[in-house]
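Derivation of every value follows stated rules applied to the coordinates shown; laboratory data play no part. Treat the numbers as computed from the prediction; the structure is a model and nothing was measured. Cβ: placed from backbone, ideal geometry, glycine included. Neighbour counts: every protein chain shown.
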Amino acid sequence: MRIERLSDNKVMLSITYEELRKKGCTKKHILEDSYIWHEIFDEMLDAIEEQLDIDTEGMIAIEVHSMSGDELVLILTIDHFEFLDTVDEVPAEEDGEYGCDLTFKFTDIEDIIGLVHDEKKVRDIESSLFYFKDAYYLCLSFDFDSQYDALEAVLLEYGVLSSLPEEMLKEYALLVIPLEATKKVYEYFVKKA
């Protein structure tokens, strides 16, 4: 197996079919995306981490460069979404228009449970709940600015205003509760208790 770094996040990996056969893998296993191929691919990722000191956790785009002759050549592009590490450092701006959509970050689900337990009005606001990078994000759609003004203090008591928009969370985060999140958190965790 030969590994070559092409750029910061691109690696060319080539392995002969003879090497694959010794590991119990055939072209058929590769084409069928079998368990055997997955195991060997994981071994190749481990070798990349070890030889090139590249973290292979994250999304990997795989381009089959060549499957002819006596070797398989893959180009791997590893995307760590490092740009997301700094997104929350941008201060959030409140929208002065009629109505607003705001996202609040909570370090623990217990904070959201405490919020919906203590403040009945927050349960009536349209909301969705996401999980991203060890935190929970509650997206709230207020009908009126005055609705937010009335709840601002209690929301900031349990969470912090986040600059991550709902669109970005839909793309990169795990959707926990898509609609009526505050109402459902209350029903699941507070009302039944």
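Observations on the structure shown:
- Structural descriptor for the stretch 2-79: relative contact order 37 percent, calculated from alpha carbon pairs under 8 angstrom and at least 6 residues apart.
- At 0.890 mPa s and 25 °C, Stokes D of the stretch 2-79 from Kirkwood alpha-carbon radius, µm² per second: 192 µm²/s
- Scalar couplings 3J(HN,Hα) for the stretch 124-133, obtained by applying the Karplus form with A = 6.51, B = -1.76, C = 1.60 to θ = phi - 60°, are 8, 8, 4, 8, 9, 10, 10, 10, 8, 6 Hz; x denotes Gly and Pro.
- In angstrom, the C-alpha Rg and Dmax of the chain are 23.7, 70.
- 17 Å reach of a label modelled at residue 152, 7 Å along Cα-to-Cβ, counting backbone N of the stretch 121-144: 122, 140-144
- Listed values for the stretch 174-187 are Karplus-derived 3J(HN,Hα) couplings in whole Hz (6.51 cos²θ - 1.76 cosθ + 1.60, θ = phi - 60°), namely 8, 7, 8, 9, x, 9, 6, 4, 5, 5, 6, 4, 4, 5, and x replaces Gly and Pro.
- Peptides 176-184, 13-21, ordered by how many other C-beta atoms sit within 10 Å of their residues on average, highest first, read 176-184, 13-21.
- Long-range Cα-Cα pairs in the stretch 95-191 (distance over 21 Å), rounded percent: 23 percent
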